[in-house]
1. What's the total number of residues in region 210-219 that are surrounded by fewer than 16 Cβ atoms within 10 Å (Cβ to Cβ) and under 17 Å from V141 (Cβ atoms)?
2. Looking at region 139-148, which of the residues that are surrounded by fewer than 16 Cβ atoms within 10 Å (Cβ to Cβ) and assigned to a strand (DSSP E or B) is farthest from the chain's Cα centre (by Cα)?
3. Within region 66-76, can one find any residue that is under 30 Å from G153 (Cβ atoms) and either hydrophobic (A, V, I, L, M, F, W, C) or not assigned by TED's automatic domain parsing to the domain that holds G221 (or both)?
4. Within region 123-133, is even one residue in contact with a Leu (Cβ under 8 Å, 6 or more places away or on another chain) and of a type in the set (D, E, K, R)?
5. Checking V99 against (1) more than 24 Å from D151 (Cβ to Cβ); (2) in a strand (DSSP E or B); (3) out of contact with any Leu (no Cβ under 9 Å at 6 or more places or on another chain); (4) not acidic (D, E), which test does it fail?
6. Are there any pairs with C-beta distances below 7 angstrom linking a residue in region 108-127 that is of a type in the set (A, V, I, L, M) to a residue that is part of a helix (DSSP H, G or I), with the two at least 6 apart or on different chains, and if so which?
7. Keeping to region 9-45, report how many residues are in contact (Cβ under 8 Å) with a residue 40 or more places away in the chain and under 22 Å from L83 (Cβ atoms).
8. Suppose we filter D169, D155 for residues that are within 18 Å of N228 (Cα to Cα) and of a type in the set (D, E, K, R); which single one remains?
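The values are calculated or read from the model by the stated rules, or taken from the named source; none is laboratory data. This is a predicted model, so every value here is computed, not measured. Note that each Cβ is placed from the backbone with ideal geometry, even for glycine, and that neighbours are counted across all protein chains shown.
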Amino acid sequence: MGEFETKNPGYKIKATYVPPDGGLSNGKLVSVISGKNPPDVVISNEYASAYSLAAQGALEPMDEYLAAMDFNESDVLPSFMPLMKHKDKTYLYPQDSNVNLLYYNVAMFKEAGLDPDNPPKTIEELDAAAEKLTKINGNNVERLGFIPWIDAGDDAFLWGWIFGANFIDDESGAVKLNDDHLVNMYKWMNKYAQKYNPENIKSFTSGFGGAFSPDHPFFTGKVTMTVNGNWFANALKIYAPNQEYRVAAIPFPAGGREKATTFGTNVFMIPKGGIGQKEISLT
């Protein structure tokens with residue numbers, strides 16, 4: 001932002017941090033758009049919610065601005081184009097791309113007799129490694145080798161994609177919630193819940209911190225393996241600089257997608273009625 005202001009002396013950016021997700025998750029952004037007092041530009045990690053705003057007519061198309069900048073669609077990954085456009089108009093612009101990986105603790109692998117040079121590649125190998133890495137004393141969970149639904153695992157699409165699901169019928173546009181791959185995915189997740197007792201897992205995870213906090217379970221040794229984005233490496237550098245870890249492709253089941261991931265991105269958007277001020281408001 002400072003560089004922009006230096007190169008464009010007629011403009012001043014007023015940046016406001018609005019948690020969570022730039023005000024998308026709690027309705028703050030919708031409220032200011034409805035009140036006709038939105039910021040000029042918003043950036044958020046909630047790209048799916050941002051797309052829903054575009055579909056509802058709450059965002060301004062940015063094609064004319066991109067054209068003025070000689071933007072070429074080949075400059076972005078093809079996988080992002082469906083996210084950027086709604087009814088052939090561009091409403092969202094990706095800031096970056098994140099991929100998800102399996103992170104694992106090297107010391108704990110060695111302690112459990114696992115080879116850190118040969119991480120699990122299949123779901124069966126992941127489950128077997130998780131069991132060896134788990135430590136339970138009576139009803140007290142001391143460490144879990146893996147919890148499928150934490151970190152990137154709570155994404156609505158990640159595990160379904162890994163298991164081979166196609167969420168939309170390309171011809172009819174129908175949502176395929178009964179896809180057999182999704183059924184298999186939920187049955188797999190349920191095995192973890194039943195094996196380690198849902199209440200015990202809930203109690204164990206209640207004190208977990210987020211990725212950018214010192215209480216994240218991977219930093220504190222309470223979870224040995226986790227699926228997270230490439231940016232998690234920076235969190236490790238900050239909060240667990242001495243921890244030896246490695247990354248691998250996300251394990252997959254028979255009939256699933258090998259070495260696969262979903263993309264994540266922060267997106268820029270222009271709220272309806274937000275353009276035209278010399279003082280740019282960036283949320």
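1. Going through region 210-219, the residues surrounded by fewer than 16 Cβ atoms within 10 Å (Cβ to Cβ) turn out to be 210, 212-215.
Those left that are additionally under 17 Å from V141 (Cβ atoms): 215.
Total satisfying the criteria: 1.
2. Applying the first criterion (surrounded by fewer than 16 Cβ atoms within 10 Å (Cβ to Cβ)) to region 139-148 yields 139-140, 142.
Retained after the next criterion (residues that are assigned to a strand (DSSP E or B)): 140, 142.
Numbers: N140: 30, E142: 27 Å.
Step by step, filter region 139-148, then rank; the result is N140.
3. Keep residues of region 66-76 that are under 30 Å from G153 (Cβ atoms), which gives 76.
Applying the additional criterion that residues be either hydrophobic (A, V, I, L, M, F, W, C) or not assigned by TED's automatic domain parsing to the domain that holds G221 (or both) yields 76.
Yes - at least one qualifying residue is present in region 66-76.
4. Within region 123-133 (the criterion being in contact with a Leu (Cβ under 8 Å, 6 or more places away or on another chain) and of a type in the set (D, E, K, R)), the answer is yes, since at least one residue qualifies.
5. The number of the failed condition is (1).
6. Correct list of pairs: M108/L133; A112/K132; A112/L133; L114/A129; L114/K132; I123/W188.
7. Here the count works out to 13.
8. Details: D169 fails: within 18 Å of N228 (Cα to Cα).
Answer to the selection: D155.
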